[in-house]
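See structure below.
The values are calculated or read from the model by the stated rules, or taken from the named source; none is laboratory data. Here the structure is a predicted model, which is why all the values come from computation and not from measurement. Positions of Cβ are generated from backbone atoms using ideal geometry, with glycine treated the same way; all protein chains shown enter the neighbour counts. Surface accessibility is based on the protein's heavy atoms, side chains included, excluding ligands, DNA and RNA. Shrake-Rupley method; radii C 1.70, N 1.55, O 1.52, S 1.80 Å.
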There are 2 protein chains.
Amino acid sequence: MSKYTIGVDYGTESGRAVLVDLSNGAEIATHVTPYRHGVIDEVLPGSGRKLEMDWALQHPADYIEVLTTSVPAVMKESGINPADVIGIGIDFTACTMLPIDPAGQPLCFDESLKGDPHSWVKLWKHHAAQDEADRLNEIASERGEAFQPRYGGKISSEWMVAKIWQILNEAPDIYEKTDRFVEATDWVIMQMCGELKRNQCTAGYKSIYHHREGYPSREFFKALDPRLEDLTATKLRGEIYALGSRAGGLTEHMAALMGLNEGTAVAVGNVDAHAAVPAVGVVTPGKLVMAMGTSICHMLLGEEEKEVEGMCGVVENGIIPGYYGYEAGQSAVGDIFAWFVEHGVPESVKQEADAEGISVHALLERKAAAYKPGETGLLALDWWNGNRSVLVDTNLTGLIVGFTLLTKPEEIYRTLLEATAFGTRKIVDAFHNNGVPVDVLYACGGLPQKNALLMQIYADVTGREIKVAASTQTPALGAAMFAAVAAGAQAGGYDDVVEAARHMARVREESYQPIPENAAVYDKLYTEYSRLHDYFGRGENPVMKRLKSLKEEATHSAETVVK
Amino acid sequence: MSKYTIGVDYGTESGRAVLVDLSNGAEIATHVTPYRHGVIDEVLPGSGRKLEMDWALQHPADYIEVLTTSVPAVMKESGINPADVIGIGIDFTACTMLPIDPAGQPLCFDESLKGDPHSWVKLWKHHAAQDEADRLNEIASERGEAFQPRYGGKISSEWMVAKIWQILNEAPDIYEKTDRFVEATDWVIMQMCGELKRNQCTAGYKSIYHHREGYPSREFFKALDPRLEDLTATKLRGEIYALGSRAGGLTEHMAALMGLNEGTAVAVGNVDAHAAVPAVGVVTPGKLVMAMGTSICHMLLGEEEKEVEGMCGVVENGIIPGYYGYEAGQSAVGDIFAWFVEHGVPESVKQEADAEGISVHALLERKAAAYKPGETGLLALDWWNGNRSVLVDTNLTGLIVGFTLLTKPEEIYRTLLEATAFGTRKIVDAFHNNGVPVDVLYACGGLPQKNALLMQIYADVTGREIKVAASTQTPALGAAMFAAVAAGAQAGGYDDVVEAARHMARVREESYQPIPENAAVYDKLYTEYSRLHDYFGRGENPVMKRLKSLKEEATHSAETVVK
């Protein structure tokens, strides 16, 4: 008799439940529930209060609706007996956080507080805490805080402490009334099984928590703001559990709403990209997993804690228990290709694509594939949205060199694909040359599914084989694996995620192998890329920042004129 | 009673006759005759022989047809009495050259020779003599030839000696049968008045002729090829006349064909861009004339012969008698904007332009005009077709830096306009800082007519007033002025071109003045431009050339595969 678990993937716009067969990882049923309130970035629900620029909130009730809608839907579609569903796990965007009261209720559920935007969920891409992040990094540098190298030298404005500090600065009463600040992933688990059990992944990557050393010191938080001195003992209190731990059993109330049995094992929370790692079968070092979409998140396991330039974070047990989980990233990849298709492709190409009934992307890919490496004469720096790794600098911008009067759109398109591949090679080299070996690449997410040219270029540029996930829903599949671990082998699940991955993870049979003559040309182009990368990215010529300053001055003076 | 002259402008595709009133420069009548054979770059007329890549020929009979069609047409349209037309002058593309026999007949008129492409007119943009030009420059450098600094260090493959040498190398029998090699402008004058009188402008700018020192030495030509030792005394022989000199009177035969009186004064030949200088009223130093179209030709008068980096040439009396005529240029300007409109503008912009019934250029200009200097955050190097001045390097390519995911087509368009303005400022600075002052700019040609934003940017970037030609036919107007000088004051013309310009040249009443706050921002952007200009253009990072080499290798290997 087969056993099953459910993985629920919480994205930016919707949540998706996937029912998985534990014997082979087969995805039996899938259901998506769009968030009723979506991303709240203009006006607050109810009060209609207008939000400032860079704000991005969510409604916690939307997360529960995913559980009570999509889980019954996959149960119904599959016809599986609830007794055979032995566990449920989730993965989430992060750091997506909220303030709760002592009963675990979001402060935005309180009639007297819901008019204050700070009582709501702050989505990962809420960018209004940049001042706090800048100040935090300054103070950490002045104090020589030991955590800095673990985060590539910089704590992001997207992360927990910056967001909490913003609340304290702008809404001290909300801060005061908060019993605890929690990751949304932990809050949803708490709703299912009644207890707050924080997880090691978000604690490590987003809340500066170290497996052995704990949070940064009281002195550090005091240096930020005396009112934050006790933060970690009070509003961030709570034990932190390893991934795959059983957070508890489904409550009677939630089991009824979800169509599952009371007491069904619930795994502690997790993060989307990180949950994808075991879902492609990666549970040991040497294998770099790329979650490829609008951006790329790179994840890698290591035996030791090494300092690697520009990584987003290294967290012991942060991805797979027993290993150091390394994370790095490129802040724009698919986004760059989409920008080009929207803004840089002439009518003639659009008409040609329409005539053939294919997308502009598909037509450009076919045309670009007719070129050999080097044949465009173009080279780009892929910094349309700054550089996350290895330079950690949001103020860098994109560059293309090599234009002639004969340059064609498909040549620019190919150059942009190549530039993002060079960006990934920078990250691969940074790991590999600093004691965290990278032998083979694994790709998951939206981009690898359709873009064969892109994947071949990545193989050629990195000189490494690339295996592609068989599942298009790897985060949910990963969450289902951790649910199987939380249920345990005795219940028909697995002892650990390594076992779960051995049975449930799959990659496609065909992989991308580097073509030696392409790799040889790309080695030469990468030398040129690296030289421009260092010239523009490491301060020799800070022209990109000066252009950005001039742009800000001009925009500001333009606004002044309008007023 | 008014007197008149006719200026005939020989362009690349057609010839244009303009009948001008000498009292005020009014253009009374205009007529255009397209060349019957156009640009011959695929097959030879008659034999149908296929031409190699980079060849560009013309048919000399087409030039005569302009005289016998367009001159009678303007006479008829204006109703002017031929007795009141006291002179005719022409201007031409250059170096456009041909081999002639002792009677002055083109060798391609000879039935036995016309099957050889080398017997035809080689148009200015015939680019098949690059090997000869490279070798010539090498030998000149080895020998330390004194003429090199006068031509920015490099003699072009488009010029007379490279083209002659190609004929010698590839068709020694044609070379042997050639009595003289002549500029087409001199040949047309010869047809009108029966005598070959070479002009100082093409001799100076295209044939390495110096007013006092003459041609390069026999030793130099011998070093090129022993068979060339006597070139200047034989096949380039012929006295060289100042601009505005009377070449002779119209022959009875040609006068009849053209509808003018026998003996009408004919001025010596001239070059299109150079003839435009007096036509905008520039006959003294300090005023830089820009002939702005697909590219820009910059012309300036000086009191002394100075070494200015990257100029195309300095020729005493080469533009206006009594002054050193300096020439520099940008190899692509309007061509870059046209490339962008064709290859880089999305369907949505095209549809918006169509809906408004305006051109894409016009729509982009309006959108780009809404930005302040610096507001795009972008900066470009305008080297889509290499860099003519001041770097003299055809292997440089274009660059854009500053892209973000929000970059819009109109921002790129504005950036390209600005980049060409920075390119012009490099040339202005090179002259001004090396003892050839530039106080004010004059613009003529196609671009200044419609592009107000472009002209304002040029004023802001160069920090100088720009006056715009009132005439859209400045080369022909200039040719008519020199015709008035050839006729002389006694006949109702003028003593010299200064007098002619004083009466006949006009600029528009409104000029473009630099806006101080724009100029201040552009000074900062120009500093950034200059740094990138030097980094990429002066050898610190020769990435553009390496990309070009890789492109050539890839193209070559792609061709090998096809074979």
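Can you name the number of the only condition in (1) touching a Phe, Trp or Tyr at 6+ places or on another chain (Cβ under 9 Å); (2) within 14 Å of another protein chain (Cβ to nearest Cβ); (3) open to solvent by 40 Å² or more (accessible area, probe 1.4 Å) that residue A:437 fails? Evaluating residue A:437 over (1) touching a Phe, Trp or Tyr at 6+ places or on another chain (Cβ under 9 Å); (2) within 14 Å of another protein chain (Cβ to nearest Cβ); (3) open to solvent by 40 Å² or more (accessible area, probe 1.4 Å) leaves (2) as the failure. Among the residues making up segment B:137-168, those that are touching a strand residue (DSSP E or B) at 6+ places or on another chain (Cβ under 8 Å) and not in a helix (DSSP H, G or I) are B:147, B:152.
The residue that is most open to solvent (accessible area, probe 1.4 Å), among those in segment B:358-375 that are among the charged types (D, E, K, R), closer than 19 Å to residue B:348 by Cβ and touching a residue at least 40 places away in the same chain (Cβ under 8 Å), is B:367. Every test in (1) in contact with a Lys or Arg (Cβ under 8 Å, 6 or more places away or on another chain); (2) of a type in the set (A, V, I, L, M); (3) in contact (Cβ under 8 Å) with a residue 24 or more places away in the chain is passed by residue B:550 save one, and that test is (3).
What's the total number of residues in segment B:390-409 that are within 10 Å of chain A (Cβ to nearest Cβ), outside any loop (DSSP other than H, G, I, E, B) and either open to solvent by 10 Å² or more (accessible area, probe 1.4 Å) or touching a Gly at 6+ places or on another chain (Cβ under 7 Å) (or both)? Going through segment B:390-409 one residue at a time, the tally reaches 3.
Taken over segment B:368-395, the criterion of being modelled with pLDDT of 95 or more and closer than 22 Å to residue B:343 by Cα is satisfied by B:368, B:369, B:376, B:377, B:378, B:379, B:380, B:381, B:382, B:383, B:384.
Total residues in segment B:30-47 satisfying the condition of being over 21 Å from residue B:189 (Cβ atoms) and open to solvent by less than 40 Å² (accessible area, probe 1.4 Å): the figure is 5.
Of the residues making up segment A:376-389, those that are crowded, with 21+ Cβ neighbours inside 10 Å and either more than 7 Å from every other protein chain (Cβ to nearest Cβ) or part of a loop (DSSP other than H, G, I, E, B) (or both) are A:376, A:377, A:378, A:380, A:381, A:382, A:383, A:385, A:387, A:388, A:389. Inside segment A:230-257, residues that are open to solvent by 50 Å² or more (accessible area, probe 1.4 Å) and in a loop (DSSP other than H, G, I, E, B) make up a count of 4. Looking across segment B:118-151, just one residue is open to solvent by 10 Å² or more (accessible area, probe 1.4 Å), under 18 Å from residue B:50 (Cβ atoms) and in contact with a Phe, Trp or Tyr (Cβ under 7 Å, 6 or more places away or on another chain), and that is B:128. Considering segment B:317-342, and only residues there that are open to solvent by 40 Å² or more (accessible area, probe 1.4 Å) and touching a Pro at 6+ places or on another chain (Cβ under 8 Å), the residue that is farthest from the other protein chains (Cβ to nearest Cβ) turns out to be B:323. On the stretch given as segment B:294-316, residues that are assigned to a loop (DSSP other than H, G, I, E, B) and either away from chain A (no Cβ under 14 Å) or farther than 25 Å from residue B:476 by Cβ (or both) total 10.
Can you spot a residue in segment B:510-524 that is of a type in the set (Val, Ile, Thr) and under 30 Å from residue B:474 (Cβ atoms)? Checked segment B:510-524: at least one residue is of a type in the set (Val, Ile, Thr) and under 30 Å from residue B:474 (Cβ atoms). Which residue is farthest from residue A:462 (Cα to Cα), if the candidates are limited to segment A:343-375 and must be out of contact with any Pro (no Cβ under 7 Å at 6 or more places or on another chain) and facing chain B (nearest Cβ under 7 Å)? If we take residues in segment A:343-375 being out of contact with any Pro (no Cβ under 7 Å at 6 or more places or on another chain) and facing chain B (nearest Cβ under 7 Å), then A:347 is farthest from residue A:462 (Cα to Cα). Could you tell me which residue of segment A:509-524 is nearest to residue A:422 (Cα to Cα), considering only residues that are among the polar types (S, T, N, Q) and surrounded by 16 or more Cβ atoms within 10 Å (Cβ to Cβ)? Across segment A:509-524, the extreme among qualifying residues is A:518.
Residue-level analysis places residue B:355 outside the set of residues that are assigned to a helix (DSSP H, G or I), open to solvent by 10 Å² or more (accessible area, probe 1.4 Å) and under 25 Å from residue B:238 (Cβ atoms). Out of all the residues in segment B:431-438, is one or more in a loop (DSSP other than H, G, I, E, B), farther than 16 Å from residue B:513 by Cα and polar (S, T, N, Q)? Checked segment B:431-438: at least one residue is in a loop (DSSP other than H, G, I, E, B), farther than 16 Å from residue B:513 by Cα and polar (S, T, N, Q).
Of A:527, A:472, all but one fail to be within 26 Å of residue A:427 (Cα to Cα), assigned to a loop (DSSP other than H, G, I, E, B) and open to solvent by 70 Å² or more (accessible area, probe 1.4 Å); the exception is A:472.
Tell me, please, whether a residue that is in contact (Cβ under 8 Å) with a residue 12 or more places away in the chain, more than 24 Å from residue B:65 (Cβ to Cβ) and either surrounded by fewer than 22 Cβ atoms within 10 Å (Cβ to Cβ) or of a type in the set (Gly, Ala, Ser) (or both) can be found in segment B:191-199. Checked segment B:191-199: no residue is in contact (Cβ under 8 Å) with a residue 12 or more places away in the chain, more than 24 Å from residue B:65 (Cβ to Cβ) and either surrounded by fewer than 22 Cβ atoms within 10 Å (Cβ to Cβ) or of a type in the set (Gly, Ala, Ser) (or both).
If you go through segment A:533-558 and keep only what is within 7 Å of another protein chain (Cβ to nearest Cβ), crowded, with 16+ Cβ neighbours inside 10 Å and hydrophobic (A, V, I, L, M, F, W, C), you end up with A:543, A:544, A:547, A:550, A:554.
Filtering segment A:169-188 for residues that are in contact with a strand residue (DSSP E or B) (Cβ under 9 Å, 6 or more places away or on another chain), under 17 Å from residue A:228 (Cα atoms), in a helix (DSSP H, G or I) and open to solvent by 30 Å² or more (accessible area, probe 1.4 Å) leaves a non-empty set.
Hey, any hits in segment A:202-225 for a residue that's within 16 Å of residue A:189 (Cβ to Cβ), hydrophobic (A, V, I, L, M, F, W, C) and open to solvent by 10 Å² or more (accessible area, probe 1.4 Å)? Among the residues of segment A:202-225, not one is within 16 Å of residue A:189 (Cβ to Cβ), hydrophobic (A, V, I, L, M, F, W, C) and open to solvent by 10 Å² or more (accessible area, probe 1.4 Å), which makes the answer no. Figure legend. Inter-residue proximity from segment A:212-226: first residues within 9 Å of residue A:143 (Cβ to Cβ), second residues open to solvent by 20 Å² or more (accessible area, probe 1.4 Å), beta-carbon distance below 7 Å, spacing 6+ or different chains. Indicated pairs: A:220/A:143; A:220/A:145; A:223/A:143. Taken over segment B:258-286, the residue count meeting the criterion of being touching a Pro at 6+ places or on another chain (Cβ under 8 Å) and surrounded by fewer than 22 Cβ atoms within 10 Å (Cβ to Cβ) is 4. Within segment A:493-508, is even one residue open to solvent by 40 Å² or more (accessible area, probe 1.4 Å), at the interface with chain B (Cβ under 9 Å from one of its Cβ atoms) and at pLDDT 95 or above? Looking for residues that are open to solvent by 40 Å² or more (accessible area, probe 1.4 Å), at the interface with chain B (Cβ under 9 Å from one of its Cβ atoms) and at pLDDT 95 or above, one finds none in segment A:493-508, hence no.
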